[in-house]
Amino acid sequence: MLYQDAVLTVSEDKLRETYGYVRGRFKEFDIDIEDPMEIMLEHDLWKLRQIKGNFDNFVTMFLNFAMESPEDAYKYAMILTALTLLLIVSLGAKTREKLESIANEIRELTDELELYTLTFMVALEENEEENKAVTTARSPEELRKALEAA
């Protein structure tokens with residue numbers, strides 16, 4: 001519930017600002033983490049947009065994902081948790097070596113996160129297409145034909 005409340009009150013600008021702050025921490029030590037930070041930001045922005053503007057389809061897609069691929073859903077949750085913890089820890093890192101180690105872990109995890117993001121985008125698009133086909137059928141006969149074609 002706290003997550004839901006935070007999502008509903010956070011803006012895209014605030015999200016960008018937060019990621020910029022963390023990105024700045026790495027820049028202080030001259031560590032390039034631009035691409036991984038961009039991947040995380042894009043993932044979170046996409047989720048935020050879906051939650052705020054496409055909630056029902058988004059939740060349905062996630063529930064289907066969790067039911068059809070519980071191992072992948074667990075792995076996705078672990079990646080998000082690990083990335084969050086790494087970002088938090090990075091704010092307290094005192095040496096370049098520690099921050100570089102954190103950056104390396106972030107790079108590896110964001111490679112996987114990017115694949116999940118793309119997968120979710122495609123799954124949501126497919127889910128929306130299926131819903132369009134059903135909602136545009138004007139009769140049971142049209143519905144039956146649409147389902148047979150799918």
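The values are calculated or read from the model by the stated rules, or taken from the named source; none is laboratory data. Nothing here was measured: the structure is a model prediction, and the numbers come from that model. Counting neighbours? That spans all protein chains shown, and the Cβs are built from the backbone with ideal geometry, glycine included.
If LYS75 meets every condition in (1) free of Cβ contacts under 8 Å to residues at least 40 places away in the same chain; (2) touching a helix residue (DSSP H, G or I) at 6+ places or on another chain (Cβ under 7 Å) apart from one, which number is that one?
Of (1) free of Cβ contacts under 8 Å to residues at least 40 places away in the same chain; (2) touching a helix residue (DSSP H, G or I) at 6+ places or on another chain (Cβ under 7 Å), only one is false for LYS75: (2).
Scan the range 85-106 and tell me whether some residue there is part of a helix (DSSP H, G or I) and closer than 24 Å to GLU125 by Cβ. Outline the logic, then answer.
So the first thing to find is which residues in the range 85-106 are part of a helix (DSSP H, G or I), and the list is 85-92, 96-106.
Applying the additional criterion that residues be closer than 24 Å to GLU125 by Cβ yields none.
Within the range 85-106, none of the residues are part of a helix (DSSP H, G or I) and closer than 24 Å to GLU125 by Cβ.
Could you list, in sequence order, all residues of the range 62-84 that are part of a helix (DSSP H, G or I) and of a type in the set (S, T, N, Q)? Even if it seems obvious, please write down each step before you answer.
Narrowing the range 62-84 to residues part of a helix (DSSP H, G or I): 62-68, 70-84.
Passing the criteria: ASN64, THR81, THR84.
Here is a check on your reading of the model: is VAL59 in a helix (DSSP H, G or I), touching a Ser or Thr at 6+ places or on another chain (Cβ under 8 Å) and of a type in the set (A, V, I, L, M)? So that I can check it myself, show each step before the final result.
Numbers: in a helix (DSSP H, G or I): yes; touching a Ser or Thr at 6+ places or on another chain (Cβ under 8 Å): no; of a type in the set (A, V, I, L, M): yes.
It is false that VAL59 is in a helix (DSSP H, G or I), touching a Ser or Thr at 6+ places or on another chain (Cβ under 8 Å) and of a type in the set (A, V, I, L, M).
Working carefully through the options ILE102, ILE106, ILE79, find the one that is at pLDDT 95 or above, in contact with an Asp or Glu (Cβ under 6 Å, 6 or more places away or on another chain) and among the β-branched types (Val, Ile, Thr). Quick ask: steps written out before the conclusion?
Values: ILE102 fails: in contact with an Asp or Glu (Cβ under 6 Å, 6 or more places away or on another chain); ILE106 fails: in contact with an Asp or Glu (Cβ under 6 Å, 6 or more places away or on another chain).
That would be ILE79, the only listed residue that is at pLDDT 95 or above, in contact with an Asp or Glu (Cβ under 6 Å, 6 or more places away or on another chain) and among the β-branched types (Val, Ile, Thr).
When residues of the range 102-116 are filtered for being among the polar types (S, T, N, Q) and buried (at least 19 other Cβ atoms within 10 Å of the Cβ), how many remain?
1
Taking only the range 28-53 into account, find how many residues are exposed (fewer than 14 other Cβ atoms within 10 Å of the Cβ) and either farther than 21 Å from LEU118 by Cβ or not acidic (Asp, Glu) (or both).
Of the residues in that region, 5 qualify.
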